[in-house]
Each structure stands twice: as C-alpha cells, then as structure tokens.
Amino acid sequence: MPQITLEPGGHVFTCETDVTILTAALRAGLLIPYGCKNGACGSCKGRVLAGEVELGPHQATTLTAIERTQGKALFCVARPLGDVTIEARDVRKQGDVVLKTLPCRVERTARVADDVMIVHIKLPASERLQYRAGQYLEFLLKDGQRRSFSIANAPHDDALLELHIRHLPGGLFTDRLFGVGQPAIKERDILRFEGAHGGFYLRDSDKPIILLASGTGFAPIKAIIEHMRHTGDPRAVTFYWGGRRPRDLYLDALVRQWASSEPARFRYVPVVSDALPEDGWTGRTGFVHRAVMEDFADLSQHQVYACGAPIVVDSAQRDFTTQCALPESEFFADSFTVAAAI
C-alpha cells in the first residue's frame, strides 16, 4: 500500500490506490485545507515533492496546465501511483474535531427570499457536533447520495444548527425542501448527516480580513463573523456581500446591525450586479470581487476568506493574487459547487 509523507511536519500515513490522498489524510487524523472534495474549489491544492499521482476529474481553471507542470495537484482528486511526498499549506491534526454521523430533526424553516430557505436542525439531546466556524455538513440521502450545506451559526451557539439553502429547480434535495418534489421535507422530519467537513475556517493571524460572499455563500461567513464577535477578535474586518438583486442579500438588516454596533472594526459593503429601476438600489454595483479591488489595490498584508459561486471564488483568487499582491497562502475559500441533481 502506498505511503504518503505530508509536509510540513513529516506526517506519514498509508493510502490505498483507489482512495484520494485527502480522504486518506482525514482518516489518519490529519487536516489539510479542503472544501468541495470534487476538484472545483482549489482549497486542497498543494505540491507533489516526490512520486507520482493520478488526478481524477476537476475543473481546468482550478488546476491549470502550468500549475501541473510545476508539480501542483488537487489532493481531493489525486490518487497515489506509489509512495508520494506532498506539501500542503496549514497542516494540522484534527484534534477535537471528530467526524460524526448523526440523526437530526428539522426544527423550523423560514423562507427569507423567493429561492432561499433558512433551516434549523436539532440534534439528539445527548449529542453535540464539534465544528469550526465556516465548516459544512453533508446530508446522507437514502439512495447513497450526499448534499453539502455550510453551517451558518458559530459553535458557541449550537443548540440548533442553522443552514441557508438555495432552491435549484429540479434538485433532488432542494425541490423537496421547497415543496416541489415528493416526499416533501418538512418540520419535524428526521434526517441524517455527516460532519463536520471542510478546511474553510478562521486562521490565527493579526492581519486585517476581507470576507467575500455571493448569495448563500454568506452562511459560513456569518458563522465566522459570529465567532469573531463572540471571542472579541480585534482584527479589522471588511465584508463584501454580492447578489444579482438586492433581495439576494436576504439578511442585509442583520449585517447592517453588526456594522452599526462596531463601526471601528467591522465594515459592510453590499454589492448588486443586476439591479432594476424598481429595486431603488443606490449602493455599489458590479462584480463583488471587483468592489474589493476598487477599495484595496494592495492586499499584500491581508487575509481573504471567500465563499459562494465558483466563478466568484475563482475570479477573486486569480485577480487578488495577480493584481493586488495577495499571497496565495492567505486566500481561503469554499466554492459552492452544484451536483448534477441537487
């Protein structure tokens, strides 16, 4: 069985040839950054220092041909062809974050936009999910398929877990939640999930932070903001939230409340790309990541956390690192990829 050496730290673990390096690392209790687990977000991108890997399907924009010639790989789709030494940023032991499979009850739902539902789920009284603000869970469906949703509340306030779910017409899960498919998902229904997953969470640093979200990419950003407010994190935060129409910023009032309560530390910049005259929108317009670049020409001393549609995350990573001097190691992302049948 191939042996994987993970740097920094010299961690060694085995990996079956039909298992991805990311999966084997997680099974060995090692946490490297990851998000989508299907080659779309680039969070798990690292370098192969020795040996060879076979890459499964992935988005070409996430791992370019040039990067492949430089020895880079996406560990969520990479399988070893023998012993391999790899380098990943921010290697950690999973510690007290234990992957669990748990039942839950749909406690309440609230439709906050035409296509967005906030769902609160409740765990059994004897159970608690340990997670970092920004991580996600995966619902386990009866046919073996999985659907991933970010946890929108911080760990200190976990009596209920909050999810922000966008309806994708024809979706296996979201149609049922929005009352289109059968059987419908409704309050008091019992579901099963696995979690917590993901490498999208706040890193220790004293650098100021740019938070960037599109649509329901706000969910993990909300958890991170709540965590920072709870812990009294002193770092300056600027949060950019983008939507096509003002109604897509479905918790705009809440974020404005945060900004007004801590004006010296927290700044909120809502951005709308396709406002209509009847919207009465007078705020920033255009692409949300471009609004960041207009305000911060130099990101060399910042950290950026981005979440939402792949095109938004990919554009932000590309333009921030190539045009605004953001170090690649200071860009953290969760790209909301779409399954064939959501």
Computed curve, the range 3-93, Cα-only Debye sum without solvent term, log₁₀ I(q)/I(0) at 0.16, 0.17, 0.25 Å⁻¹, is -0.52, -0.60, -1.41
Here the relative contact order (percent) of the chain, from C-alpha pairs under 8 Å and at least 6 apart, is 16 percent
Could I have the simple spin-label model distance between residue 108 and residue 192, label points 7 Å from Cα toward Cβ, reported in nm to one decimal?
2.9 nm
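For the chain, what is the mean residue ellipticity at 222 nm derived from helices alone (per DSSP H run of n ≥ 4: -39500 (n - 2.57); sum divided by total residues; nearest 500 deg cm²/dmol)?
Values: 7 runs with 62 residues, N = 342.
-5000 deg cm²/dmol, from helical runs alone.
Restricting to Cα atoms and excluding each atom paired with itself, what does the Kirkwood estimate give for the range 209-335 in Å? Mind showing how you got there, number by number?
Values: mean 1/r = 0.0682 Å⁻¹.
Here the Kirkwood hydrodynamic radius works out to 14.7 Å.
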Post the alpha-carbon centroid distance, the range 214-284 to the range 29-49, in whole angstrom.
28 Å
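Between residue 318 and residue 17, what is the FRET efficiency for a Förster distance of 56 Å, r being their Cβ-Cβ separation, to the nearest 0.05?
Values: r = 33 Å, r/R0 = 0.59.
Calculated transfer efficiency: 0.95.
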Placing each pseudo-label 7 Å from Cα in the direction of the beta carbon, residue 69 and residue 295 end up separated by a distance in nanometres of 3.8 nm
√(5λ) per eigenvalue of the Cα gyration tensor, the range 124-253, largest first, Å
28, 19, 12
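Given contacts defined as C-alpha pairs under 8 Å and at least six residues apart, what's the relative contact order of the range 209-335, whole-number percent? List each step's numbers first, then the result.
Details: 209 pairs, mean separation 35.5, N = 127.
This gives 28 percent for the range 209-335.
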So, by mean Cβ neighbours within 10 angstrom, what's the order for 203-210, 241-248 with the highest one leading?
241-248, 203-210
For a Förster distance of 41 Å, can you work out the FRET efficiency between the beta-carbons of residue 54 and residue 128, rounded to the nearest 0.05?
0.60
How far apart, in nm, are two points set 7 Å out from the Cα along the Cα-to-Cβ line at residue 257 and at residue 168?
3.1 nm
Distant-in-sequence amide H partners of residue 11 (H built 1.01 Å from N, under 5 Å):
6
Greater than 23 Å separation of Cα atoms is the criterion. Which listed pairs, 122/222; 37/122; 37/72; 37/142, meet it?
37/122
Treat every Asp and Glu Cβ in the range 100-197 as -1 and every Lys and Arg Cβ as +1, leave all other atoms uncharged, and give the resulting dipole magnitude about the Cα centre to the nearest 20 debye.
180 debye
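Only counting other Cβ atoms within 10 Å, I'd like 75, 13 sorted with the fewest neighbours first.
Working: 75 28, 13 17.
Taking fewest neighbouring Cβ atoms as first place, the list is 13, 75.
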Going through the range 1-95, which GluC sites (Glu not before Pro) have at most 14 other Cβ atoms within 10 Å and a DSSP loop state?
16, 52
Computed magnitude of the charge dipole of the chain (debye, nearest 20; Cβ of K, R +1, Cβ of D, E -1):
560 debye
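Read-outs throughout are calculated quantities, based only on the coordinates presented, and are distinct from any laboratory measurement. Since the model is a prediction, treat every value here as computed from it, not as a measurement. Ideal geometry is used to build each Cβ from the backbone, glycine not excepted, and the neighbour counts take in all protein chains shown.
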